[in-house]
Structures are given as structure tokens and as C-alpha cells.
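The structure appears below as C-alpha cells.
The values are calculated or read from the model by the stated rules, or taken from the named source; none is laboratory data. Note that the coordinates shown come from a computational prediction; the quantities given were computed from them, not determined experimentally. Glycine also receives a Cβ, built like all others from the backbone with ideal geometry; neighbour counts cover every protein chain displayed. The area values use the complete protein model at the heavy-atom level, side chains included, leaving out ligands, DNA and RNA. Shrake-Rupley method; radii C 1.70, N 1.55, O 1.52, S 1.80 Å.
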Amino acid sequence: MSTSWPSIVFRVNGSPQSVRVPPMKRLLDVLREDLHLNGTKEGCGEGECGSCSVRMDGELVNSCMVPVVQAQGACIETVEGLASNDEMQPLQKAFLECGGAQCGICTPGMLMAASHLLARNPRPTLGEIREGLAGNLCRCTGFIRIFDSVIATIAADVSVNRQRENNAR
């Protein structure tokens with residue numbers, strides 16, 4: 001039966017992938033069930049909570065709302081793609097240190113949304129952080145620890161850049 005489905009080819013976290021699944025299967029389910037990338041979580045299944053957020057061709061999308069056929073030829077980045085060489089990036093470390101990660105359902109989506117925001121605006125204000133994460137819901141932290149995690153990431157980046165400038169002198 002699966003041989004009658006088209007081959008859908010795309011990249012996930014830099015690696016080429018090809019799946020033969022029903023074209024209308026949700027990208028979320030393909031990531032979790034077929035590619036065994038379980039970091040992306042399902043919250044509401046209706047595109048309202050942002051828990052399943054991934055980047056598709058550089059844009060933040062709710063993977064529960066994307067039929068996998070729309071990913072044909074796309075570059076997908078999941079929360080697993082944030083770490084490099086099995087080392088957490090500063091944003092992930094800040095979520096851990098600041099308590100931005102609580103139960104873990106919203107955390108992958110929050111990380112993806114925050115990463116997306118910081119890629120577009122490395123020094124957002126608190127208002128811009130609130131707006132950048134507005135599509136993601138959390139029932140555990142009240143958002144303050146999540147906002148603090150993003151602010152800590154910005155502060156760490158500023159500190160690293162200052163150190164580089166001082167070393168260059």
C-alpha cells in the first residue's frame with residue numbers, strides 16, 4: 001500500500017530525507033513517527049499553541065497544520081537541529097538555567113520561536129520578545145522564566161561579543 005504513495009523529499013536539520021507516506025499526513029506526525037524526531041511535541045493539534053513549531057524554509061510554522069506534501073523540497077529545522085555536535089546552544093542552556101523549561105510540552109516550540117526571533121533580531125526588546133513568542137502557549141511558567149531565558153541568551157551573546165572585541169585589541 002505505501003508503495004503507491006509518492007516519495008516526498010526534503011531536508012531535516014541539514015540531512016536529506018525521503019518518505020513514502022500519505023501526502024496529507026501531518027508534518028508533525030512524519031517527524032515523530034517516520035523520522036523518529038520526537039523533540040517536536042503536539043499540544044493542541046489545531047495550530048493554536050505553537051508546541052509543534054518548526055522552521056520550514058526559514059519561516060516558523062505549526063507542523064500540526066502542514067501536510068507533508070507541502071514540505072516537498074523544503075528545508076525543515078526541528079528542535080533537534082538547534083544543538084550542534086550534541087552540545088546545547090546558549091538559548092537551550094538559558095532555558096535550562098533560568099527555568100524556562102518546565103513540563104516540556106511547549107519547550108521545543110518556545111525554543112524554535114525564540115531561535116527564530118533571535119535569528120531575525122539578535123537584540124529584541126522585552127516587547128519584541130513577547131510578540132515573537134505570542135504564538136506559543138505555556139501553562140507552567142507564566143512566561144516570565146521563558147522571557148528571562150531569551151534575555152539571558154541576549155546578555156550572554158553581548159558578553160561574548162565584548163570579550164571577542166577585547167581580545168582583538
*Looking only at GluC sites (Glu not before Pro) in DSSP loops with at most 14 other Cβ atoms within 10 Å, what is the longest site-free stretch of the chain?*
49-169
*Considering the options LEU133, VAL69, LEU117, tell which one lies farthest towards the positive end of the dipole of the chain, charges being +1 on Lys and Arg and -1 on Asp and Glu at the Cβ, about the Cα centre.*
LEU117
*Give the Debye-formula value of log10 I(q)/I(0) at each listed q (0.10, 0.11, 0.14 Å⁻¹), with one equal scatterer per alpha carbon of the chain, two decimals each.*
-0.40, -0.47, -0.73
*Quick one: Cα convex hull volume of the stretch 8-81, Å³ per residue?*
72
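Any idea what the dipole of the stretch 1-152 comes to, in debye rounded to 20, about its Cα centre with Lys/Arg Cβ at +1 and Asp/Glu Cβ at -1?
Values: 13 positive and 16 negative charges, 14 e Å.
Its charge dipole is roughly 60 debye.
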*Computed FRET value (nearest 0.05) for ALA156 with ALA134, which takes r as the C-beta separation and R₀ as 30 Å*: 0.80
*Per residue, how much accessible area does the chain show when a 1.4 Å probe rolls over the protein heavy atoms, in square angstrom?*
54
_Positive-pole candidate from VAL79, ILE8, LEU37, dipole of the chain, charges at beta carbon_ = VAL79
*Return P(r) of the stretch 90-164 (all Cα-Cα pairs; 10 Å bins starting at 0; whole %; ordered from short to long distances).*
22, 57, 19, 3
*Contour excess over end-to-end distance, with Cα ends at ALA83 and ASN121 and 0.36 nm allotted per residue*: 11.7 nm
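With a 1.4 Å probe and all protein chains in place, put ARG32, ARG120 in order of accessible area, largest first.
Working: ARG32 75, ARG120 140 Å².
Result of the area sort, largest leading: ARG120, ARG32.
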*Rg followed by Dmax, in Å, when the stretch 1-49 is reduced to its Cα trace*: 11.8, 34
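Would you mind telling me the share, in percent, of accessible area of the chain contributed by carbon and sulfur at probe 1.4 angstrom? Working shown, then result.
On the way: 4570 of 9090 Å².
It is 50 percent, rounded to a whole number.
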*Give me the distance in nm between label points sitting 7 Å out from Cα along the Cα-to-Cβ direction at MET65 and GLU46, one decimal.*
1.2
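In debye, nearest 20, what is the charge dipole magnitude of the stretch 8-81 about its Cα centre with +1 on Lys and Arg Cβ and -1 on Asp and Glu Cβ, if you could check?
Details: 7 positive and 10 negative charges, 43 e Å.
Roughly 200 debye for the stretch 8-81.
Which FRET efficiency value, to the nearest 0.05, do you get for HIS36 and ARG11 by plugging their Cβ-Cβ distance into 1/(1 + (r/R0)^6) with R0 = 22 Å? Intermediate results must be reported in sequence, preceding the final value.
Working: r = 16 Å, r/R0 = 0.74.
Using R0 = 22 Å, I get an efficiency of 0.85.
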